[in-house]
Each structure stands twice: as C-alpha cells, then as structure tokens.
Amino acid sequence: MKFDTPATRNPIDRLKVVGHATERIDGPKKTTGTATYAHEQDVPGAAYGWIVGAAIGKGSIRAIDTQAARAAPGVLGVVTAANAGPLGTGAFFVTRALAGPKVDHYHQAVAIVVAETFEQARAAAGLLRVDYARDKGSFDLAQAKEKPPTGQPLQPNPALASRVGDFDKAFAAAPVTLDAAYTTPDHGHAMMEPHATIAAWDGDKLTLWTAIQLVAWGVRDVARTLGIARENIRIVSPYVGGGFGGKGSILADAVLAAVAAKQLGRPVKVALQRALMFNNTTHRAATIQRICIGAGTDGRITAIGHESWSGNLGPRPESATAPTKLLYAGAHRMTRLHVAHLDLPEASAMRAPGETPGMMALEIAMDEMAEKLDMDPVAFRILNDTQVDPETKLPFSRRQLVECLRTGAARFGWDKRAGKPASRREGDWLVGMGVAAAIRGAPVARSAARVTLDGRGHVTVETDMTDIGTGTYTILAQTAAEMLGVGLHQVTVRLGDSRFPEGAGSGGQWGAASSTAGVYAACVKLREMVSKRLGLMSVDAEFTAGRVRAGGLSRPLLDAVAAGELVAQEAMEYGDLARRYAQQTFGAHFAEVAVDIYTGEIRLRRMLAVCAAGRIINPLAARSQILGGMTMGAGAALMEHLVVDKRAGFFVNHDLAGYEVPVHADIPHMDVIFLDEVDATAGPLKAKGVGELGISGVPAAIANAVHHATGIRVRDYPITLDKLL
Ligand code: MOS
C-alpha cells in the first residue's frame, strides 16, 4: 500500500482508542517478571558462554594458551580466531566480532569459553593466557584532528558538507559575531539489559534469541558474518531492555554464541558482562565542534557555520551539523564534517545521533549570541525561525518551534528570569534558568504487518517490529483496535520474530509512525475482506463496537469469521515523500539549576519539555519517552563521560560505578507538554516519533541555565563542578 494521500480522512481520525493515554498492555508481564528477555528464554540444554576481551587497544595476538581453561571443571570448549572458521562483518556495526591475529580495539572479543554453568565458564576464562604484541594506536581525537598520522590535514567529507550563499563574506561583514569551539565526550548507551543471546542450531538452521532493535538488520548481518543463507536464520526478540542505538544490529554476543553452539552441537547462551560492554560494543563518538554565527544588530542571523570533528562511525562521522542545516534562518550557511581515524572501539548511533551532540554545541552558541545581542534567548530564537528548510527550501510538513518556545516560556515562568547572569541568590545557591530549542528528524520507513481475525473475533497483530521499552506493543494494539472497532483487550500483539512480516524496526525515532502505519495497511486490507464476506460496501464501512455498518446496513463483525478466520498482510510504503517535505519534530526545553557558591555543585531543580511531534498516539508512553530523553540529556549535561586512556586506548570507566548516569535523586520536577498537532504527511496515523526528540537540546538548556546562574560559560561537556571553580 502506498501512502500518497496525506489529507485523506481515515478511520484512525475517530480517535476512540488512538490518542488516549493507555497503560502498557505488556506492563503486567514486565512488572511480574514474566516477560521473557533474550537471556531468559527457556532453551533446554543451553551451555553458558563467557566472552574474554582483548587487553590491548591495538596490535595483535601472538598466541593464546587455552590448555588450562579447557581442562577446567565443566568446560565444553574454547573458541578463538584459530578455530572459529572464517567470519565476516555486519553492515551496521562493522567491526569484527572476534579479534585475531589483529586486535582492532580494547575488549574486542579474543575468545569465548563455554561451560556447563555460568560460574564454570567465568572461572575458566580467567585461566586463558593471551600473548599480545602492542601497536601504537590513535586514541586522542584532538591530536588526530590537529596532527593526523598521515601528516596531511583532515579534509571534510564533501558529500556531507553544505554551503548556501557566501558564508565567509557574510560572517566577516556581520556586526555581531560569535566564533566558538565546543567539545562533547564519548557516551555509553548504558542500557539496563546487557547485550545477550541464546543460539541454537537445528542442522543448518540457526535460531538466535537476542536483544536487538532491528530484527531484519540482524538477519542480514548474521548472514554476512557467518556466510549462511538468510532463510536459515531466525531471530527472536520479543522484549528488549533498552537499546538507544546500541542494539541496532548483532554484536559479539550473537556471533560468538552462534559459532560456539555450532562447534559444540548444543545451544549456547551469552550475556555480556557489564564491565565488557563499554569497550566491546559501541558508543556515541566524542566531537570537537566550531560554530560561527553572524547577525545584524536587529538580531537576525545573516551567517551560520558549523564544523564538527569526530572519530569514525564505520566510515562515517558523527553528523553533528545536522540540526544546524535546518533549525534557523540565515541566507549564508556552511556545514562541514570531518572524520579523524581513531583506534578506539567502534562508534555508532546513540539516541538522536547527530542532533544530540550537535545541539549540545549549537544551542549554547545561540545563548551566547543572544547575550552578545542583549536579547532574550527565547525571543532571539523566535526571530530566527524559518518555515522552509533553509538549504533545500522544502517546506516543513509541520513546524511549531515558535509555539513550543512560547508555550514553554509561559508555563515555566520565563518572565521571572532575572536578566543578568549570577544575579539570583538563594542562601548558598546561585539560581539560573536556561532554554534550548529541540529538533529531530521524523523519517518513516517501510513496515509490514499481518493481522488475523479469528472465529471468536479476537485480533492478532504480527510484525518483526520490536518494543525496546518504548511502548510498541500498546500503540500497535491501539491502531488495530481503532481500525477494526474492537476493544484493546481483544487484540494480541506479537513482535520481534523474523518469521513475522518485516516491520520498520526501532531506530532513528521512526518506529512508532512507521510500524503503526504497517498495521494500518494490514487492517485496511482486512476491513475489505470483512466487508466482502458481509456483502457490504468496503469504502464507507464503519467498524465500531464489534459491528460493521455500511449503506444503512449493520452486521456483527463476528459474522465475517463464521466461515473461518481472516488473515491480511500488507506493508505501508512512502515513495518520494521524504523529497517533498522536510519532516522533523520540534520542541523547547527549559531548565532551572542551582549552583552551590562554595563547592560548585550543580543541582537541577525543574525541567520542562514542550514537544510538537504530530498526533500523539499514546500520551502516556510518549510522555515516558520524553522523560527518559530529558533524563539522558541531564546525564549528558552534567555527568556522562567515557574517559579515554589516550596511551593505552580504552574507556577507563567501563562500568556503572565509573560511568555515571542520573539516578532519581539527580532528577527534579519534570513536566512534558505536547502541542496539539496532527501531521497528515507523516503517515496514516498523522503521528511522528518522540523518543529522540526528548534528548535533543536538553544538555544545552542545562548548560545555559548554569551560565545564567553563575556567569561562567562552560563549552566542554560534561559540566562538572571543577569547571566552575
Ligand atoms: Mo537510534 S540511536 O537510531 O536507535
């Protein structure tokens, strides 16, 4: 089914189920511990695998002595590059899952030890003796930027650069200018559920129960890595305990569990130990950014330039300039991205890749410009709004950035913000308020689903789409219930199995809009089948409360399945939609902080997000997504920082004791407002994603509040107290 009639009314618009705050239908299973995550699947006879990570950042393995490990109690086998057979690499995560003889990065797997019990595998792993030869690696982003090992200056990637008008001339001529550098550190996904897989072979058929965001990407990457046919691979991932981009596709746990299970002739289960995750898997790349903004004395931006340097995400840089291409007006523009080669673990996507680090810099820069212009930061942003993409001139499908800023300012009490920095003191605390805009792309992707109406009138939805804690189960049930005129309790949703039709997967904030559209498409087909069986005209049929009405006739839905169940499978596709509209979500974040005048301790006091993201399918789940994004944004502002050992080449703080993320005590009063918005170009649900909008801009709002509280401008994240003293 092709989505090509944006303005059309459809059954979703009745909003009997869609648009209502709905508790998660999978909630009871999760809160009672009966939702089976990858590592909890009941696979009889599964042995336990323990992955050993490389102890060097770059170099090679001279030898691995596995003898003592093999002789240890309960050990069934040890797999290393010497006996693993040929292994390819994935297309999304591109680093090799198993080192040998070369070591590409610290904690890259060098072996998997498999034993009868978890404890035996772990104990035996400690008996491995690995002899390494160290090479000099490139681990320091600033050095790789200034003095690339090639001796040649880094060149921006021409395919990822943009230019409009004459930026250099306009910037030089502008009466008010800012030219500032910002840095953002490496971030870990630090999701609650570790990467985990159980692998089982039946002849040449492989089943992987694994924690993954995009099941179809996993099947593709298993096929590439193991050199087996896609038809022989089944991936099952019904519940995922957080992903944030870190579980986009398969990683070492899946690959090595599969290889070990094949060798041993029995199922193998592997969970990455927490202390291995930060260096073995992927992370958000650190950036160094330079932003130049020129404006007239009236506050209108005339020139805006943004350059960013990062390590490589596969072959790509972190696209930190993405928001600058779209967010503000300005006739003369320039963006450039540079990749510096680093031998650190593979960088990849993490929640709002591009926008998160980009907005951390851009939205401080906007605050600095407002200060130079002696303008209110909200008013400065509103003045520089644009309703067309300033590079391509495409119209935004919906863009309510100004409304977000105005609504937030009113709700937050922005008018009470004392104008001058460091001018509000309460006891030992300096108090300040900050604001930042938010923007995040709202792409849609092809998504298929199968919907079955059985003889009892029960509806089952099946798609390989995942629920990574986001609420997919519930919004797909809402969609089917709305389309077929049944109650939510009459809908069962089955997700995360590659045997089901291929859904959009969870990534890039496209999951909600895309996967509901796939269910919509299948339901449209099922409605036609029902109408045909009932002898009703399908075009104007209304499905309500278990009945189908059309042309003055009304029949029970159940009559349609008296002769047997009906099954409809369909996909939603979008053609060139993305070339006709700039589709983005928008928001405004407000933060109030207090800073201790003696210790520099920063406490968040209040946060508010105002979001415009099309129709909100489930306000309860969407609010939860935004709260999660704001929390992660608070972490990025104040604490999250993978510290690089620049000599040895690894992330030093690779556990949850050293890698600090916000806990409840760090998170103050938070509020979320969704603007009333319906975006008819975003798909049949007229909805857009929110999971990544929630973090975009948050760190800068906090940084700007810290500046307003103290008068100290910190351009290097995280904003820890030492930077204020
Ligand atoms: Mo997201 S970082 O595209 O899962």
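Counting just the residues of region 448-473 that are at negative phi and within 19 Å of the chain's Cα centre (by Cα), which one comes out farthest from the ligand (Cβ to nearest atom)? Steps first, please.
From region 448-473, those at negative phi are 448-456, 458-468, 470, 472-473; that's our starting set.
If we keep only those that are within 19 Å of the chain's Cα centre (by Cα) too, we end up with 464-468, 470, 472-473.
On the way: Asp464: 16, Met465: 13, Thr466: 10, Asp467: 13, Ile468: 8, Thr470: 10, Thr472: 13, Tyr473: 18 Å.
Going through the qualifying residues, I end up with Tyr473.
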>> Being touching a Ser or Thr at 6+ places or on another chain (Cβ under 8 Å), among the hydrophobic types (A, V, I, L, M, F, W, C) and touching a residue at least 40 places away in the same chain (Cβ under 8 Å) is the filter here; which residues of region 408-463 pass it?
In response: Ala422, Leu430, Ala438, Ile439, Ala442, Val444, Ala445, Ala448, Ala449, Val451, Val461
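Rundown of residues vs (1) assigned by TED's automatic domain parsing to the domain that holds Gln569; (2) under 22 Å from Ala613 (Cβ atoms); (3) buried (at least 24 other Cβ atoms within 10 Å of the Cβ), yes/no style:
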{"residue": "Ser423", "(1), (2), (3)": "no, no, no"}
{"residue": "Asp428", "(1), (2), (3)": "no, no, no"}
{"residue": "Val431", "(1), (2), (3)": "no, no, no"}
{"residue": "Glu462", "(1), (2), (3)": "yes, no, yes"}
{"residue": "Asp467", "(1), (2), (3)": "yes, yes, yes"}
{"residue": "Ile475", "(1), (2), (3)": "yes, yes, yes"}
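Would you point out which residue out of Gly508, Gly487, Gly503 is in contact with a Pro (Cβ under 8 Å, 6 or more places away or on another chain) and among the small types (Gly, Ala, Ser)?
Numbers: Gly487 fails: in contact with a Pro (Cβ under 8 Å, 6 or more places away or on another chain); Gly503 fails: in contact with a Pro (Cβ under 8 Å, 6 or more places away or on another chain).
When all the criteria are applied, what remains is Gly508.
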>> For region 502-522, which positions are within 15 Å of the chain's Cα centre (by Cα) and either closer than 9 Å to Ala571 by Cα or within 12 Å of the ligand (Cβ to nearest atom) (or both)?
In response: Ala504, Gly505, Ser506, Gly507, Gly508, Gln509, Trp510, Gly511
> Only one of (1) in a helix (DSSP H, G or I); (2) acidic (Asp, Glu); (3) within 16 Å of the ligand (Cβ to nearest atom) fails for Glu528. Which number is that?
Replying inline: (3)
>> Go through region 235-282 and report how many residues are closer than 29 Å to Ala352 by Cα and assigned to a strand (DSSP E or B).
In response: 4
> Counting only residues that are within 16 Å of the ligand (Cβ to nearest atom), hydrophobic (A, V, I, L, M, F, W, C) and buried (at least 24 other Cβ atoms within 10 Å of the Cβ), how many does region 311-346 have?
Replying inline: 2
> Is there any pair linking a residue in region 154-174 that is in a helix (DSSP H, G or I) to one that is loosely packed, with under 15 Cβ neighbours inside 10 Å, with Cβ under 9 Å and at least six apart or on different chains, and which?
Replying inline: Phe171/Asp179
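Please work out if Gly518 is out of contact with any strand residue (DSSP E or B) (no Cβ under 8 Å at 6 or more places or on another chain) and assigned by TED's automatic domain parsing to the domain that holds Leu557. Let's see the steps before the verdict.
On the way: out of contact with any strand residue (DSSP E or B) (no Cβ under 8 Å at 6 or more places or on another chain): no; assigned by TED's automatic domain parsing to the domain that holds Leu557: yes.
When the stated conditions are applied, Gly518 does not pass them.
Residue by residue, here is whether (1) within 16 Å of the ligand (Cβ to nearest atom); (2) surrounded by fewer than 24 Cβ atoms within 10 Å (Cβ to Cβ); (3) in the same structural domain as Gly432 (by TED's automatic domain parsing) holds:
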position	(1), (2), (3)
Arg351	yes, no, no
Thr356	yes, no, no
Met359	yes, no, no
Glu363	no, no, no
Glu368	no, yes, no
Met375	no, yes, no
Ile382	no, yes, no
Asp385	no, yes, no
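Of the residues in region 662-692, how many are more than 16 Å from the ligand (Cβ to nearest atom), among the β-branched types (Val, Ile, Thr), at pLDDT 95 or above and assigned to a loop (DSSP other than H, G, I, E, B)? It would help to see each step written out before you state the result.
Quick first cut of region 662-692, residues more than 16 Å from the ligand (Cβ to nearest atom) only: 662-687.
Right, trim to among the β-branched types (Val, Ile, Thr) and you get 663, 667, 672-673, 678, 681.
From the residues that got through so far, the ones that are at pLDDT 95 or above too are 672-673, 678.
Then drop every residue that is not assigned to a loop (DSSP other than H, G, I, E, B), which leaves 678.
Of the residues in that region, 1 qualify.
The values are calculated or read from the model by the stated rules, or taken from the named source; none is laboratory data. Since we're looking at a predicted model, the values are computed, not measured. Ideal geometry is used to build each Cβ from the backbone, glycine not excepted, and the neighbour counts take in all protein chains shown.
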